[in-house]
Every structure is written in C-alpha cells, then in structure tokens.
Amino acid sequence: MDKNYWYKVFRTSAGIALIPVLFGLVQVFLFENDDRFRLYNTWWQWLCFNAGITFLLTLSASVIGRWVHLKLPYEKTHYALRLSVQLVAVTIPAGIIMYTYHKAWCPYLLLDCASQERLFYNITLAVVITIIATIVLEGAHLFELWKKSLVKASMLREEHLKSQLEVLKSQINPHFLFNTLNSIYIQSAKNPEVSRESILNFSELLSYQLYDSREQYVRLDAEIEYLQNYIELEQMRQGDAVDLAVALETPQPEVLVAPLLFTPIIENAFKYGLASGLETYRLSVALHTDDEQITLVCRNEFRPVPRRGKGGLGLENLKKRLELIYPGRHEFKTVVIDNEFIAELKIQYTQ
C-alpha cells in the first residue's frame, strides 16, 4: 500500500465523515431549541462524536476492503462471494471500534452511556454505517475498474492497429511482394501445378492479414493455417538458403487466440537467419497446445552481423500487445546459445 493509496483512503474517509456533520448542522439550525439537544454538553461535541466514528468506520472499511481485494482478486473470484466476505469482514471490526469509541467518549457526554440499550444501539448503528460505506466504496472501486477497462480497451485497439501496420510494413512490403511474385513466376516455368498452389497460399495470406486479423480473437487453427502459408512462401522464396523443420500441432477448433502474435517471431527468424550470410541456416518452428496453454518455440541458426539503424521493433511491439491482451497470462523469452537464437512464447488461453 503506497502513499497515494493512503492519501486517497484518508481523503475519502474525511469526505464521508462530513456527511453527518452537515446533517447535524442542519438539525442544530432547525431544532436548536429542541429538548433533545440538552442531552449533550454542547452541540459541537455531538457533531465531533458522529464525524469521528464515521471517519474511523470508513477508514476501517477501506483497509479491510483492500485486504479482501488482494486475497480475492476480481479476476479469480465471483463478485457475490467477494462482496459477502467483505461485508462479514468489516462488521466485526466495526463493532469493536464503536464499543471502544463509545467507552472513550462516554465520560464527556451527558448521555446515558452506561446503559446496555445505548451501547447496543450505537454498535448496531456502526455496523449499518460500515456496511453502507463498504457498498459505496465498492461501487466507487468498480467504477474505477470500469474506467480503466475502457482505457485498456482503447489502448488495445490502438496497439492492435499499430501491430497490423507493422506486420503489413514488415511482410507485405514491396520487397516481400516482388520477391515472392518473382519466385512464383520462376517456379511457374518449372512446375505450373506448384506455382498455382503458391499463388493460392499467397492470396490466402493477404486475405487473412487484411481482413480476418481485424477481429480481437481468431480460431487458433485459422492462425496456424496462416502461419503455414507464410512459412511455405518464405521457404519457396529463400530456397536452399534455409534448412527448415516445422511442427505445427492442429488444436481443437474452440481454442481462440489474438491474431498475428506468432508471426513476428517467425518473421524475425527468417529475416536474421538469411541476413547472417550463412550458405544454409537451420530454422525450426514448433507449436503445440494443451488444456490451458499454447506454446511456440522458434530456433534459428545465425551469425551475428552489425545492425544498421534500429532493430527488433517487431518483437518490442509483440511484448506490448502481450501485456495488453494477456496480462499475467503469458511468458515470452529469448536467448542466444551457440549462435542459435531461441524464442519461446507461452500463452494461457483459458480464463
């Protein structure tokens, strides 16, 4: 709990404590000659008593509410269960606070503080005030989460659009288009049947990137089909320069994933493997799923070469998208071992 949190808690508690003060001032102004107010030494003691207990009860509800949120986070706990636990958790401290507060103030008031009826009444009132404060604070917290979710959704859409543009810039650029079309043209003279299949793959790749990938989530089998088309075209384009091994496991149709998350990793492997200048470089791509997780492992042999300008933007954009789409539900790491670049991405696709 940082300073900003405590500042917000004290500010909220003080704001709620002003409510009985204002209500009391109205009563004093309208009923200043009422005999009920002769029970108190002075009217300001009555206001301080109500303001003080309201502040303490609200402060207690805030701290206990924060503790409940940490133990029962929104992402993993049903709302009804969390609220029930929270209401039970705040009532016991509320009774203790009121009992202690009541005994501390009793010597300074003309009220019949010693009576069990008065004590029971004040404790009941404290529990009611605490429950109301808890519901108000919970509502305010949910409103803040709702606003943050709107901001996050907006950021996600923006990052998704940026990612789409980066994919189009990195893969559907003139260099990729011309080289792929030229490879298909050369291939058509040798094997027309294979060239027709390559044209079909190229068309499906473009269609997926331009249209299907606009959705927030797509079927994983559709994403894998896109990856297969891309890998086949890159293999055709690079020819004997790449020694390729691919193992893409076909998942269950109901598995969904955000689109174009795996592409930057595979594109990066083809790009830097070819740029390393090796006569033939090895590249392996493996993807499999289980009941909760998707795992992609991509390995490419390379020889370090000096970089020109900025590099690695595709992987940096990928990290940003993963943080927005799968916060706390992904693991992405890269490592270089013996001139082999290894990238591993794990995504927990189930809630």
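The values are calculated or read from the model by the stated rules, or taken from the named source; none is laboratory data. Note that this is a predicted model, so its numbers are computed, not measured. Quick reminder, even Gly has a Cβ in these numbers, built from the backbone with ideal geometry, and neighbours come from all protein chains shown. The area values use the complete protein model at the heavy-atom level, side chains included, leaving out ligands, DNA and RNA. Shrake-Rupley method; radii C 1.70, N 1.55, O 1.52, S 1.80 Å.
The table that follows gives values for the structure above.
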| quantity | calculated |
| --- | --- |
| For the stretch 177-237, average projected area of the Cα convex hull in nm² | 4.0 |
| P(r) of the stretch 185-299 over all Cα-Cα pairs, binned every 10 Å from zero, in whole percent | 13, 41, 35, 11, 1 |
| Debye intensity ratio I(q)/I(0), log10, the stretch 232-293, q values 0.19, 0.23, 0.30 Å⁻¹ (C-alpha model) | -0.79, -1.00, -1.40 |
| The stretch 181-290 - share of DSSP beta bridges that are antiparallel (%, nearest 5) | 20 |
| Distance (nanometres) between label positions extended 7 Å along Cα→Cβ at E340 and D243 | 1.1 |
| Accessible area of V297 in the full protein assembly, 1.4 Å probe (Å², nearest 10) | 40 |
| Candidates per chymotrypsin sites (Phe, Trp or Tyr not before Pro) in the stretch 195-253, loop by DSSP, up to 11 other Cβ within 10 Å | Y211 |
